[in-house]
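Input: a single structure, listed below in structure tokens.
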Amino acid sequence: MARIVNAAVCLFLLIGSTGWTQTKQLELLKDESSITYRIVHPLHEIEATSRDATYQLQADPSKKEIVSVAASVDVMTFDSGNSNRDSHAMEVIDAISYPEVSFVSSSVTEVGDSLKVTGKLTFHGVTQDIVAMASSKWSADKVQVNGAFILSLTAFKIERPSLLMIPVEDALRFTFTAAWKL
């Protein structure tokens, strides 16, 4: 009986050890991280940036491999440089009822030199599947990820704002950069 138990333990250790990874949650470098949205109207484009996004990253630094990512940002922290425009944007997205945008990845896969990050984004009380394309840059002390994604305002049940009775494009474009300490 003891031989069977010992053999089972050895087999478990042998098989189990090959599946162990060195993944860990990395510390965000907040001053090197931001997210920007851009919305387009035929007469002008508007960009607003938040430097208060929170990004969480699970990675295996020894393999330079990103396993998962999660992000959230308070919509009130976006700044376009025009407080009246920002106030109107917060009214349009009903920031009091829906103060946060969040994302949780379901997969991170390498596609050539890029990363395909798939997951669920919750915005304006609606959750949708999205895909963001990104790139990662690893150095001795940090990893930086830059990427972009587009979402549809109407898919998230947001009425497109208008200027001179002409609505903005339905596409809301996001770019992001985030860095973590290794």
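The values are calculated or read from the model by the stated rules, or taken from the named source; none is laboratory data. Keep in mind the model is a prediction, meaning the values are calculated, not measured. Cβ atoms come from the backbone with ideal geometry, glycine included; neighbour counts cover every protein chain shown.
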Please pick out the residue among S102, S87 that is out of contact with any strand residue (DSSP E or B) (no Cβ under 7 Å at 6 or more places or on another chain) and either surrounded by fewer than 17 Cβ atoms within 10 Å (Cβ to Cβ) or free of Cβ contacts under 8 Å to residues at least 12 places away in the same chain (or both). S87
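The rows are residues; the columns are (1) over 11 Å from the mean Cα position of the chain (by Cα); (2) within 24 Å of V145 (Cα to Cα); (3) hydroxyl-bearing (S, T, Y).
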{"site": "S62", "(1), (2), (3)": "yes, yes, yes"}
{"site": "S72", "(1), (2), (3)": "no, yes, yes"}
{"site": "S80", "(1), (2), (3)": "yes, yes, yes"}
{"site": "R85", "(1), (2), (3)": "yes, no, no"}
{"site": "V92", "(1), (2), (3)": "yes, no, no"}
{"site": "Y98", "(1), (2), (3)": "yes, no, yes"}
{"site": "E110", "(1), (2), (3)": "yes, yes, no"}
{"site": "D113", "(1), (2), (3)": "yes, yes, no"}
{"site": "K120", "(1), (2), (3)": "no, yes, no"}
Which members of the stretch 148-180 meet the condition of being surrounded by fewer than 16 Cβ atoms within 10 Å (Cβ to Cβ), of a type outside the set (K, R) and under 20 Å from S72 (Cβ atoms)? A148, I150, A155
Kindly indicate the residue of the stretch 116-152 that is in contact (Cβ under 8 Å) with a residue 40 or more places away in the chain and touching a helix residue (DSSP H, G or I) at 6+ places or on another chain (Cβ under 9 Å) and also nearest to E100 (Cα to Cα) among those meeting that condition. Q144
Unmet criterion (only one of (1) surrounded by 11 or more Cβ atoms within 10 Å (Cβ to Cβ); (2) at pLDDT 95 or above; (3) not small (G, A, S)) for K63: (2)
Got a number for residues in the stretch 112-133 being over 19 Å from T177 (Cβ atoms) and in contact with a strand residue (DSSP E or B) (Cβ under 9 Å, 6 or more places away or on another chain)? 8
Which members of the stretch 41-50 meet the condition of being more than 27 Å from D113 (Cβ to Cβ) and surrounded by 15 or more Cβ atoms within 10 Å (Cβ to Cβ)? H41, I46, A48, S50
Looking for whichever is farther than 19 Å from E45 by Cβ and surrounded by 14 or more Cβ atoms within 10 Å (Cβ to Cβ) here; the options are V145, V92, V111. Which one fits? V145
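Residues checked against (1) in contact with a Lys or Arg (Cβ under 6 Å, 6 or more places away or on another chain); (2) farther than 20 Å from A59 by Cα; (3) of a type in the set (K, R):
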site: T77; (1), (2), (3): no, yes, no
site: S80; (1), (2), (3): no, yes, no
site: I93; (1), (2), (3): no, yes, no
site: S97; (1), (2), (3): no, yes, no
site: D141; (1), (2), (3): no, no, no
site: I150; (1), (2), (3): yes, yes, no
site: P161; (1), (2), (3): no, yes, no
site: I166; (1), (2), (3): no, yes, no
Kindly provide the set of residues from the stretch 156-166 that are touching a residue at least 24 places away in the same chain (Cβ under 8 Å) and in contact with a strand residue (DSSP E or B) (Cβ under 6 Å, 6 or more places away or on another chain), ordered by number. F156, K157, L163
